[in-house]
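Have a look at the structure below, then the notes.
The values are calculated or read from the model by the stated rules, or taken from the named source; none is laboratory data. Note that this is a predicted model, so its numbers are computed, not measured. Note: ideal-geometry Cβ built from the backbone for every residue, glycine included; neighbour counts use all protein chains shown.
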Amino acid sequence: MLSIFHSLEISHYIYLSTVLFSIGLFGVLFRRNAIILLMCIELMLNAVNLLLAAFTEYMGDKQANGQMFVFFIMVVAAAEAAVGLAIIVMVYRNTRKTDVSFLDQLKDS
Amino acid sequence: MNPIALILFFPLLGFAVNGILGSKLPKNVASWLGTLMVLMSFIVTLGYLNQIASDVENSIKWNAYTFLNIDGLLFKASFALDRLSIWMTLIITGIGTLIHLYSISYMDHDKNPAKFFAYLNFFIFNMLLLVLGSNFLMMFFGWEGVGLCSYLLIGFWYQNPSYGHAARKAFVMNRIGDLGLLLGMFLIIKNYGSLEYADVLPAIAQGNGGTVLLTSIGILLFIGAMGKSAQIPLFTWLPDAMAGPTPVSALIHAATMVTAGIYLVIRCQALYSLAPMAQELILWIGLATAFIGALIGLRQNDIKKVLAYSTVSQLGFMFVALGVGAYTTALFHVTTHAFFKALLFLGAGSVIHGVHERQDISVMGGLKSKMPITYVTFLIGTLAISGFPLLSGFFSKDEILANVFHHNIFAYIVLVFSALLTATYMFRLLFLTFHGTFRGSDYSLSDVHESNWKMTVPLIVLAVLSVFGGLLNLPHYIMHSGGLLSNWLNPTFLIFENPIHAEMSTEIVLISIAIGVFLFGLIYSRNQYITKGLHPESPQSGMGNVLKNKFYFDEFYDKAIVKPIEFLGDILFSLFDTLLLYGATFSVHPILRFVGQLNRKIQNGNIEYYLIYMVGAIALLLGLNLLLA
């Protein structure tokens, strides 16, 4: 049985995840809004997820080890988002800003 | 339970209980506990006396533990209760008990008698390790232990800085000697592959080992003995050790610890009998110490210092006996000396107590009416040490003199002169303290009081022992079968000691000389300090000042050893510390500081920079990976 995944070449998946990952990476590097940072991290994680799912399918791995990893990554990402958002909320309450460049107060000036 | 374990256990228990719970126990409980523990050891030892006495081979052995086994070289905690060690054990625990009893009252006013008794019990334990150990290792263990206790007890009143200084001096001087002892032990291990007496000494007695080897081992072990037993040149710590409480001076610095060196030489009798050079060294060092100690004792005004120099001098007598190969005689003098010197020190303590913590005899005088028991016992001690006929000191000193007479006539003359000085300074001390007129200015004679029974009972017991101690080894001319101690100890010697049987006429001459020496000391001192009523502080001639200043030994050591070492230390400090170490560190640190300042720019607190560094680094690694692959 041919899975629906196989209707595309593996290279397409690779290109798509590369593009997604790069968007996430550059977003993390060059944006300063903490919420956007978190979103970009999610984007990077999901790019990896996509790649894992695709590779598992094309490798013909009947035990679907790669897809198991996807679930783990989702759990970790959810936890990280929860903690990260909580931090951002606290930061916002104290500073009325969500700009990460503001968070350099511990530095010896 | 092995009897040796039992003997060792009691003092250790006393130390543990008083050491841990001491401050919580009532004063009386702590002090009586300490006393009782030593008494128990004494009783246990007495219980096994019969077994040891029945046959020479009947010694009790105990292999407690093996510390190390290096290729067959065993380091063991092994013990033996044989004729020599039981004799020493009885002295240590017996006199120890009396001195503990005395201390109960003496330390009554102290803030922390429990600590005192803990140290004292620990001392007894270590001293027992020293004599009961059946190898050089356990002996050394106890040797260091008693050194530690001596240090702790000399500095017991450490609030006074000079007392702490005296304690340190004793410790350092002893370490110098210990170095010799250690080197001797290393030589023994190297050449005999064991530290057990039972392996090494028979091997030596059978002729294993050349004269050079035996002489070097003998001299090295004797250097250890010189430190512990306060012989020239390592004797200056003992007079300073009088900073400790008086019972400590009596127990450690007169009766027991300082005789450890003599014990060591007697234990190694086989070795020394085959190393005549080492013996000769012992003879001359002992002789010099006996003579110089007695000379210095003539002009000291501190009641304890006189006794301290007297101890130094008497230890010299014992080493002279060892030097002429009269091992039994040396042990005999150790025994009688333990009796009368402990008595004299405790008497001095009673006097110090009676005149309210004064030690200077120039403010005493005429105390005999106020302190009759102390006076009578002190008189007995003085008579015993000066060699009054038929008292203990007479027999033991006479035996030493007779042995030396047959060995070397010059040494005999010097020793007789030392004995004469002994009688002189002892009677000087007695007359200045108890006779004549009262010289105190800031207190009156009616303030002086006799001590209580806890202090006088030990004095009386020791006085009785000082009178009858001579019975332990009556000379040949009284008892033809030989004295008790000779018959006790001689069979244990691996190399037989030839007893000297002088002609009756020679004996009579020697005894007359000894009695003459005693009478001279008595009459001279009486003439000087009673008839003429000389004040101890009266102006001294040139020689008198030299004696008063102890031959400037301390000053000499200070100039010849301490100052050069300090000078060397200063040079090394300015050269190595200031120039090299400081220079090196202070020249390196600006570089580190500069690099650090550059690096801290990277850590600016902005998270996006960190992320860029991270991504950049990962990209770099990946790129390198691609390139190199």
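Checked against the criterion of being surrounded by 24 or more Cβ atoms within 10 Å (Cβ to Cβ) and either touching a strand residue (DSSP E or B) at 6+ places or on another chain (Cβ under 8 Å) or free of Cβ contacts under 8 Å to residues at least 40 places away in the same chain (or both), segment B:302-315 contains one or more residues that satisfy it.
Flag: B:Ile292 matches the condition of being over 14 Å from the mean Cα position of the chain (by Cα), assigned to a helix (DSSP H, G or I) and of a type in the set (Val, Ile, Thr). Whenever a residue of segment B:595-619 is β-branched (Val, Ile, Thr), its partners that are part of a helix (DSSP H, G or I), lying with C-beta atoms within less than 7 angstrom and at least six residues away or across chains, give the pairs B:Ile607/A:Val100; B:Ile612/A:Leu29; B:Val615/A:Leu25; B:Val615/A:Leu29.
Yes/no per residue for (1) surrounded by 12 or more Cβ atoms within 10 Å (Cβ to Cβ); (2) assigned to a helix (DSSP H, G or I); (3) hydrophobic (A, V, I, L, M, F, W, C):
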| position | (1), (2), (3) |
| --- | --- |
| B:Asp558 | yes, yes, no |
| B:Pro564 | no, yes, no |
| B:Leu568 | no, yes, yes |
| B:Thr578 | no, yes, no |
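Restricting segment A:66-109 to residues that are farther than 30 Å from A:Leu51 by Cα, assigned to a helix (DSSP H, G or I) and away from chain B (no Cβ under 14 Å), the residue that is modelled with the lowest pLDDT is A:Thr95. Within segment B:33-70, the set of residues being in a helix (DSSP H, G or I) and either more than 18 Å from B:Ile95 (Cβ to Cβ) or out of contact with any helix residue (DSSP H, G or I) (no Cβ under 9 Å at 6 or more places or on another chain) (or both) comprises B:Leu33, B:Gly47, B:Asn50, B:Gln51, B:Ile52, B:Ala53, B:Ser54. Based on what the data block shows, is B:Ala203 of a type in the set (A, V, I, L, M) and free of Cβ contacts under 8 Å to residues at least 12 places away in the same chain? So B:Ala203 passes the test. The selection criterion, being among the polar types (S, T, N, Q), in contact (Cβ under 8 Å) with a residue 60 or more places away in the chain and in a helix (DSSP H, G or I), holds for B:Asn121.
Taken over segment B:71-109, the criterion of being part of a loop (DSSP other than H, G, I, E, B) and touching a residue at least 60 places away in the same chain (Cβ under 8 Å) is satisfied by B:Gly72, B:Asp82, B:Met107, B:Asp108.
Checked against the criterion of being more than 23 Å from B:Leu489 (Cα to Cα), of a type in the set (Asp, Glu) and without any contact (Cβ under 8 Å) to a residue 60 or more places away in the chain, segment B:173-183 contains one or more residues that satisfy it. Selection of segment B:494-507 for residues being among the charged types (D, E, K, R), surrounded by 15 or more Cβ atoms within 10 Å (Cβ to Cβ) and at pLDDT below 80 yields only B:Glu497. Taken over segment B:465-493, residues that are assigned to a loop (DSSP other than H, G, I, E, B) and either more than 17 Å from B:Cys268 (Cα to Cα) or modelled with pLDDT under 80 (or both) amount to 10. Going by the conditions given, is B:Tyr582 part of a helix (DSSP H, G or I), within 11 Å of another protein chain (Cβ to nearest Cβ) and surrounded by 10 or more Cβ atoms within 10 Å (Cβ to Cβ)? Judged against the criteria, B:Tyr582 is not a match.
On the given criteria, is B:His589 more than 27 Å from B:Gly440 (Cα to Cα) and either more than 14 Å from chain A (Cβ to nearest Cβ) or surrounded by 11 or more Cβ atoms within 10 Å (Cβ to Cβ) (or both)? It is true that B:His589 is more than 27 Å from B:Gly440 (Cα to Cα) and either more than 14 Å from chain A (Cβ to nearest Cβ) or surrounded by 11 or more Cβ atoms within 10 Å (Cβ to Cβ) (or both). If you go through segment B:412-455 and keep only what is surrounded by fewer than 20 Cβ atoms within 10 Å (Cβ to Cβ) and assigned to a helix (DSSP H, G or I), you end up with B:Ile413, B:Val414, B:Val416, B:Phe417, B:Leu445, B:Ser446, B:Asp447, B:Trp453, B:Lys454. Tallying residues that are hydrophobic (A, V, I, L, M, F, W, C) and out of contact with any helix residue (DSSP H, G or I) (no Cβ under 6 Å at 6 or more places or on another chain) within segment B:353-374 yields 2. Within segment B:216-252, restricting attention to residues that are closer than 16 Å to B:Leu98 by Cβ and in contact with a Lys or Arg (Cβ under 9 Å, 6 or more places away or on another chain), the residue that is surrounded by the most Cβ atoms within 10 Å (Cβ to Cβ) is B:Ala250. Selection of segment B:434-465 for residues being touching a Lys or Arg at 6+ places or on another chain (Cβ under 9 Å) and under 18 Å from B:Phe345 (Cβ atoms) yields B:Phe434, B:Glu450. Selection over segment A:1-37 of residues that are surrounded by fewer than 18 Cβ atoms within 10 Å (Cβ to Cβ), away from chain B (no Cβ under 11 Å) and under 21 Å from A:Leu85 (Cα atoms) gives a count of 4. Taken over segment B:598-629, the criterion of being over 19 Å from A:Phe26 (Cα atoms) and within 14 Å of another protein chain (Cβ to nearest Cβ) is satisfied by B:Asn599, B:Arg600, B:Lys601, B:Ile602, B:Gln603, B:Asn604, B:Gly605.
Please indicate, with yes or no, whether at least one residue in segment B:356-377 is without any contact (Cβ under 8 Å) to a residue 60 or more places away in the chain, buried (at least 22 other Cβ atoms within 10 Å of the Cβ) and of a type in the set (A, V, I, L, M). No: zero hits. In segment B:464-497, what residues are aliphatic (A, V, I, L, M), over 29 Å from B:Leu274 (Cα atoms) and touching a residue at least 12 places away in the same chain (Cβ under 8 Å)? Of everything in segment B:464-497, those that are aliphatic (A, V, I, L, M), over 29 Å from B:Leu274 (Cα atoms) and touching a residue at least 12 places away in the same chain (Cβ under 8 Å) turn out to be B:Leu465, B:Val467, B:Leu471.
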